[in-house]
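Here the structure comes first, spelled out in structure tokens, and everything after it is commentary.
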Amino acid sequence: QVNLAEFGGGLVQAGGSLRLSCAASGRTFTTVAMAWFRQKARKSRELIAAVRQSGTTFYPDSMKGRFTISRDNAKNTVYLQINALKPEDTAIYYCAAGEGTDYPTFGPYNYWGQGTQVTVSA
């Protein structure tokens, strides 16, 4: 079992930056892959970035450039840095923990946080 809690969402202006955090507890952090997803209103959840137990990262092509995922195993925390925010980044952002066996996304992701709202104003 992995319990996840996201922090750092809020209201930001377009062009700004934000760093989201996700604290994990329960299962040993170094045994799980971690990822960030987001879900826009009336849209399906989409993968933003994933980081494997080894630190290897994956970004879908559509997410390359403004998003950076990182993990701090000593703090059981995964981060998502978002730069040059746009109004279309407005969404609920979720972190997830998984087995790291799927390629290239390091899923399947079986554990999810409650999400944190990010709203970007124009």
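The values are calculated or read from the model by the stated rules, or taken from the named source; none is laboratory data. Everything quoted here is computed from the prediction, not taken from an experiment. Neighbour counts are summed over all protein chains in view; Cβ atoms, including those assigned to glycine, are modelled from backbone coordinates with ideal geometry. We work out accessible area using only protein heavy atoms, side chains counted, and drop any ligands, DNA or RNA first. Shrake-Rupley method; radii C 1.70, N 1.55, O 1.52, S 1.80 Å.
Observations on the model:
- Global geometry of the chain, whether rounded, prolate or oblate, following the gyration tensor of its Cα atoms and the 1.5 cut on a/c: prolate
- Full extension of the chain segment joining residue 68 with residue 31 gains 11.2 nm, where the gain is 0.36 nm per residue of separation less the Cα-Cα distance.
- Label point 7 Å beyond Cα of residue 39 along Cβ direction - residues of the range 1-18 with amide nitrogen under 16 Å: 4-6
- A prolate overall shape is assigned to the range 12-74, the ratio a/c of its alpha-carbon gyration tensor axes (a ≥ b ≥ c) being 1.5 or greater and a/b exceeding b/c.
- The stretch between residue 3 and residue 17 holds 2.4 nm of extra length on full extension. This uses 0.36 nm per residue minus the Cα-Cα distance.
- Solvent exposure of the range 49-122, expressed per residue, is 48 Å² of accessible area, with all protein chains present and a 1.4 angstrom probe.
- Secondary structure note: in the chain, about 90% of the DSSP beta bridges are antiparallel.
- Distance from the range 25-44 to the range 54-96 (C-alpha centre basis), Å: 10 Å
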